[in-house]
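First up is the structure itself, then whatever we jot down about it.
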């Protein structure tokens with residue numbers, strides 16, 4: 001590892017709101033553009049191009065364009081909103097497409113902050129239009145030569161699809177999208193899922209599984225198509241598999257392996273050639289006695305790295321270093337949700353998380 005200087009990244013999911021109008025008022029009104037600019041300086045994250053290609057002063061961020069109101073309901077780009085975002089003087093490294101959360105669609109007509117959701121398991125015009133529009137937005141937000149990532153979830157809107165059906169459909173969608181991705185130098189990455197709830201729990205045992213992603217990647221071989229490894233999702237999935245005592249032909253799930261984050265290492269090693277991006281956060285799914293918070297019954301709590309205990313630090317660092325050495329990695333973001341504390345304390349926790357992450361990376365130099 002060469003240079004571990006930090007280029008800060010930020011995920012707008014951290015300040016979700018019910019509607020896009022409320023979101024815009026919150027971002028550009030209540031907080032104010034000046035505060036938004038200042039908070040970028042302390043949001044944790046590492047841009048991988050720095051320690052691969054030399055130092056950079058560029059400020060990279062991750063955004064959810066639908067949350068920011070950058071599209072109409074028909075996926076047309078709203079240039080007025082985009083122009084306002086560009087005035088912040090930041091550069092977009094990663095972009096998250098709208099997602100389905102355990103069967104609850106975030107958008108119904110105009111009742112929530114997303115205009116539409118993306119169901120990657122449906123090979124239909126709505127899916128293609130969503131992906132194409134996000135790639136087109138990238139052409140406005142970032143130069144073509146910059147490495148860029150578009151993040152998608154594989155969870156379907158409705159239950160009942162088989163693993164084979166999902167792999168075939170997702171692969172068909174990707175094949176249609178590849179020419180556009182290549183044209184704008186955008187990498188499409190599919191994110192591993194956590195422990196799912198309710199009628200979508202049936203998907204948990206394979207949508208968080210490295211073998212599923214291995215099969216998925218084998219259907220389409222392209223440098224513009226890969227995997228996003230989400231640490232918190234993997235920890236939640238590992239608890240599900242351990243507590244359910246589900247047999248796995250390659251990885252042995254046990255309480256000891258759960259507490260030492262061994263599944264994360266297995267996933268990264270298994271998919272190391274295809275992992276293009278990483279989401280880092282922390283949750284207590286590995287603690288047998290822990291109870292999931294009310295807002296994350298699947299333990300996907302998205303805490304920042306200050307929650308790490310001393311006996312967890314070395315195991316987490318091992319995961320981070322393995323992720324950082326994936327040969328095709330573009331970058332990683334700490335995807336933590338701000339705790340409900342004062343602004344000053346929240347920013348301090350972000351600063352501390354940056355230092356924790358930097359210390360892990362520097363230890364592997």
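Every number here is computed from the coordinates shown, using simple stated rules; none is lab data. Note that this is a predicted model, so its numbers are computed, not measured. Every residue, glycine as well, gets a Cβ built from its backbone with ideal geometry; the counts of neighbours run over all protein chains shown.
Structural remarks
- DSSP bridge pairs, the range 98-349: antiparallel proportion in percent, nearest 5: 15 percent
- Remark: relative contact order (the range 98-349) = 16 percent; criterion is Cα-Cα distance under 8 angstrom and separation of 6 or more residues.
- Equivalent ellipsoid dimensions for the range 98-349 as semi-axes, Å, which come from the Cα gyration tensor, largest first: 28, 21, 20
- Sorted peptide list for 157-166, 313-322, 120-129, 92-101, criterion being average Cβ within 10 angstrom, highest first: 92-101, 313-322, 120-129, 157-166
- Separation of the range 169-206 from the range 77-100 is 21 Å, based on Cα centroids.
- Taking label points 7 Å from Cα along the Cα-to-Cβ direction, residue 218 and residue 355 give a separation of 4.7 nm.
- Fewest-first sequence of 230, 214, 119 by Cβ atoms within 10 Å of each Cβ: 214, 119, 230
- Two-decimal log10 I(q)/I(0) for the range 112-231, as the Debye equation yields it once each C-alpha is a single scatterer, q = 0.16, 0.17, 0.18 Å⁻¹: -0.77, -0.86, -0.96
- Label separation (residue 132 vs residue 246): 3.6 nm, computed from points 7 Å beyond Cα along the C-beta direction.
- With kT/(6 pi eta Rh) evaluated at 4 °C and eta = 1.567 mPa s, and Rh the Kirkwood radius from Cα pairs, the range 180-330 diffuses with a coefficient of 82 µm²/s according to Stokes-Einstein.
- Here the residues 66, 259, ranked from fewest to most Cβ neighbours within 10 Å of their Cβ, fall in the order 259, 66.
- Rounded to 0.05, the FRET efficiency of the residue 175 and residue 140 pair, given R0 = 25 Å and the Cβ-Cβ distance, is 0.50.
- Inter-label distance, residue 254 to residue 348: 4.2 nm, where each label sits 7 Å from its Cα along the C-beta direction.
- Cβ-based exposure ranking for 186, 140, 135, in which fewest neighbours within 10 Å come first: 140, 135, 186
- q = 0.13 Å⁻¹, the range 256-365: log10 I(q)/I(0) [Debye, one scatterer per Cα]: -0.52
- Computed FRET value (nearest 0.05) for residue 73 with residue 307, which takes r as the C-beta separation and R₀ as 35 Å: 0.40
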